[in-house]
1. Of everything in the stretch 131-149, what is assigned to a helix (DSSP H, G or I) and in contact (Cβ under 8 Å) with a residue 60 or more places away in the chain? Give them in sequence order.
2. In the stretch 74-83, what residues are without any contact (Cβ under 8 Å) to a residue 24 or more places away in the chain and outside any loop (DSSP other than H, G, I, E, B)?
3. What are the residues in the stretch 249-261 that are closer than 13 Å to Ser217 by Cβ and either basic (Lys, Arg) or more than 6 Å from ligand 3 (Cβ to nearest atom) (or both), if any?
4. Hey, Arg265 hits all of (1) more than 19 Å from Gln60 (Cα to Cα); (2) more than 16 Å from ligand 1 (Cβ to nearest atom) but one; which does it fall short on?
5. State whether one or more residues within the stretch 46-59 are modelled with pLDDT under 90, of a type outside the set (Ser, Thr, Tyr) and closer than 30 Å to Ile167 by Cβ.
6. If I ask for residues that are surrounded by fewer than 19 Cβ atoms within 10 Å (Cβ to Cβ), of a type in the set (D, E, K, R) and in a helix (DSSP H, G or I), which ones from the stretch 39-59 would you list?
7. Suppose we filter the stretch 245-269 for residues that are in a loop (DSSP other than H, G, I, E, B) and more than 7 Å from ligand 2 (Cβ to nearest atom); how many remain?
8. What number of residues in the stretch 239-253 are within 15 Å of ligand 1 (Cβ to nearest atom) and on the phi < 0 side of the Ramachandran plot?
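The values are calculated or read from the model by the stated rules, or taken from the named source; none is laboratory data. A quick note: this is a predicted structure, and the numbers were derived from the prediction, not measured. All Cβ positions, glycine included, derive from the backbone under ideal geometry; neighbour counts span all protein chains shown.
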Amino acid sequence: MKKYWLPAVMLVIFETVAVTLWLTKDNLFYLFNFSYIGLSISFGVFLFIRKHKHARRIVQLLVGLYMLIYLGLICSENMQIEGFWYYLFTGVFEAATIHYAVAKIFGPLLFGRGWCGYACWTAMVLDFLPYKVPEKPRKKIGWIRYITFAASLIFVAALFLAKAGNIERIMFLAFIAGNIIYYAVGIILAYAFKDNRAFCKYICPVTVFLKPMSYFSLLRVKCDNDKCISCGKCKTVCPMNVDMTDNSRKRANGTECILCMVCVRNCPRGAL
Ligand code: SF4
Ligand code: SF4
Ligand code: SF4
């Protein structure tokens, strides 16, 4: 049973968040929401430990579809970055601000970019495309993320400054339009750069939060240098071009790791 400590810990963490928010916000929804997400993630980690081939994809679909269809389309919650700015400006610690705090700002100190590997509904679709392993070298155009980040902030700030009526309706429409744009750009870039995760590497505004926070992540892929034979296999299969054989926090593309464990599965020496 010892090997199942990680899913158990994940479940306890999410249940703690669920119960704390339920009691402090007096809203049963938080109990349901974080319990569901915690159970999905723990189930996925459990499947991974049992070497289930599609463990990560199962979690991605369980959490991604829930957030996109239930929270986004049915409950009309904009859980994208515009929704985060919206709630931040209104000074309310609800929905998207809680989601960002847990998954994208403070959570990464613990589980890095686990969100990107196991829950994001944009990547959930992009990961179905054919270029799981990038076929071309990484490009130096990551600065685009700062433009999309600023654009999302300016868009929401402009709505408040212009005192736009029915902002909640606009935010819902922005959620639909934003997702259509993300999927379209993500799919075009994946084919253009022969890399499923090109959108994540160059465009996604959320990485402005994710990258610096995941630098300090407790959960990391580490290399046992005594076992490693420097065959390079791990680096050729990594979707994010991480140099996981370097254990320092400054390793190449270290803040890009999405904890997909593809390198771990492919290492012939079990060094990772
Ligand atoms: S980088 Fe952005 S689009 Fe890619 S998985 Fe992370 S949050 Fe989703
Ligand atoms: S695949 Fe394993 S043995 Fe090969 S370089 Fe990577 S860590 Fe070392
Ligand atoms: S292959 Fe390894 S280093 Fe690359 S993103 Fe996945 S877990 Fe991280």
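1. Scanning the stretch 131-149 gives Arg145, Tyr146, Phe149.
2. Passing the criteria: only Ile74.
3. Within the stretch 249-261, Arg249, Arg251, Gly254, Thr255, Glu256 qualify.
4. Unmet for Arg265, out of (1) more than 19 Å from Gln60 (Cα to Cα); (2) more than 16 Å from ligand 1 (Cβ to nearest atom): (1).
5. Within the stretch 46-59, none of the residues are modelled with pLDDT under 90, of a type outside the set (Ser, Thr, Tyr) and closer than 30 Å to Ile167 by Cβ.
6. Selection gives Arg57 alone.
7. The first filter runs over the stretch 245-269 and keeps only residues in a loop (DSSP other than H, G, I, E, B), leaving 245-253, 257-261, 267-269.
Next, from what is left, pick out any that are more than 7 Å from ligand 2 (Cβ to nearest atom): 246-253, 257-261.
Result for the stretch 245-269: 13.
8. 3
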